[in-house]
1. Can you tell me the FRET efficiency between Thr220 and Tyr328 if r is taken as the Cβ-Cβ distance and R0 is 25 Å, rounded to the nearest 0.05?
2. Report, please, the projected area of the chain averaged over directions, based on the convex hull of its C-alpha atoms, in nm².
3. Does anything in the stretch 234-266 have its amide N under 14 Å from the 7 Å Cα→Cβ label point of Glu317, and if so which residues?
4. Work out the FRET efficiency for Asp159 and Arg95 from their Cβ-Cβ distance, taking R0 = 25 Å, and round it to the nearest 0.05.
5. Output the 0 to 90 degree angle, nearest 10, between the alpha-carbon long axis of helix 27-36 and the longest principal axis computed from the alpha carbons of the chain.
6. Cα gyration tensor of the stretch 181-307, axes a ≥ b ≥ c as square roots of the eigenvalues: rounded (a/c below 1.5), prolate (a/b > b/c) or oblate?
7. Determine the gain in length on full extension of the stretch Glu208-Tyr175; use 0.36 nm per residue of separation and subtract their C-alpha separation, reporting nm with one decimal.
8. Between the stretch 246-312 and the stretch 140-190, what is the separation of their alpha carbon centroids in Å?
Amino acid sequence: MDLSCLFMGFRLRNPLVAASSPLTGDLDSLRKLEDAGLSAAVLPSLFEEQIEIEQNRLDENLLRGTESFAEALSYFPALDSYRIGAEDYLDLIRRAKEALSIPVIGSLNGVSTGGWIRYAGEIQDAGADALELNVYFIPTDPAVQSGTVEQMTLKLVRDIQSRIRIPVSVKLSPYYSALPNVIRRLDQAGARAVVLFNRFYQPDLDLESMSVVPGLKLSTPDELKSRLRWVSILYGQTDADLAVTGGVHTAGDIAKCVLAGASAVMVASALLEGGPARAGIMLRELGEWVERKGFQSLTEMKGNLSHQSIAEPAAYERANYMKVLGSYS
Ligand SMILES: Cc1cc2nc3c(=O)[nH]c(=O)nc-3n(C[C@H](O)[C@H](O)[C@H](O)COP(=O)(O)O)c2cc1C
């Protein structure tokens, strides 16, 4: 069964890509992921703050930071066990490129343009095949308008794009008032793919200690639905490739993503739960499903249930909201 697909100009052997997670952060587990059949791997992100902090440590300016910076510092060490330094990160890319034959995608996580984005060039020079830019921005200031947030992201993409030749994808949050327009402009700014959606790790309140506690839970399949809706709506409306991340746990989930119009399907939680072997099972079952349904390839299947292909596009729209509410019993 031909499960191959084109994503960001790469011919992948199947659409299942290892999303950025601790599993892609060391060579041994990257090898296992490749052996299990994953067709590309996105490395853990190098964070803007992490780069800035390292830079400041180097400058020995640490104590002269603003209070909010000091606060940020006290928060970031919690990431130390997962987050490797920038130099080690580049080394991981070099070693991964030597050891693997699947595309290796570097990842930068940040919001503002600044000195830190030179790492886009460093990631390229270390041999990464592509770069994923994760824009995880939480606007807390009521004076900041949505247009400003969008402009910031576009500027970041343009600035990064102008420094490198390798393709860039942008991992976005679902929280935009007019997502298709944002994606059109990202596409015009040169993004080769958009990855939908970033999961915002939600803090919780601890009632005993009366404090805010960071929360990181693995995803559930339910989270896939918002991705399916948006990929379906966006399919055919942008030249950027569409990738899903969030809530992919089974072969059926991969099939749904491709039917909606995804070129690639990125998975983290399912692999963290079941190990790389889970990918092997998902791919085998995907092949069986594709065959049972009589498709010759994934290309033939892609977008068959997208907004533009189905007889009742309203199923993805506002009208469906009324219908669903009315059907509750
Ligand atoms: C422990 C953990 C670490 C992660 N680290 C990153 C990261 O460094 N950069 C990033 O863009 N996404 C990161 N993610 C998000 C995943 O790449 C993925 O987008 C998200 O978990 C949704 O996919 P899933 O439902 O398959 O888990 C992380 C996820 C987990 C669970």
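1. Taking R0 as 25 Å, the efficiency between Thr220 and Tyr328 is 0.70.
2. Numbers: hull surface 77.4 nm².
Mean projected area for the chain: 19.4 nm², to one decimal.
3. The answer is 234.
4. Values: r = 28 Å, r/R0 = 1.12.
So, using R0 = 25 Å, E works out to roughly 0.35.
5. 0
6. Oblate, since a/c reaches 1.5 and b/c is not below a/b.
7. Working: separation 33, 0.36 × 33 = 11.88 nm, distance 3.15 nm.
Stretched out fully, the Glu208 to Tyr175 stretch lengthens by 8.7 nm.
8. So the two Cα centres are separated by 27 Å.
Read-outs: derived from the displayed coordinates by stated rules, not from any lab. Worth saying up front: this structure is predicted, and the values here are computed from it rather than measured. Glycine gets a Cβ as well: all are built from the backbone with ideal geometry, and neighbour counts include every protein chain shown.
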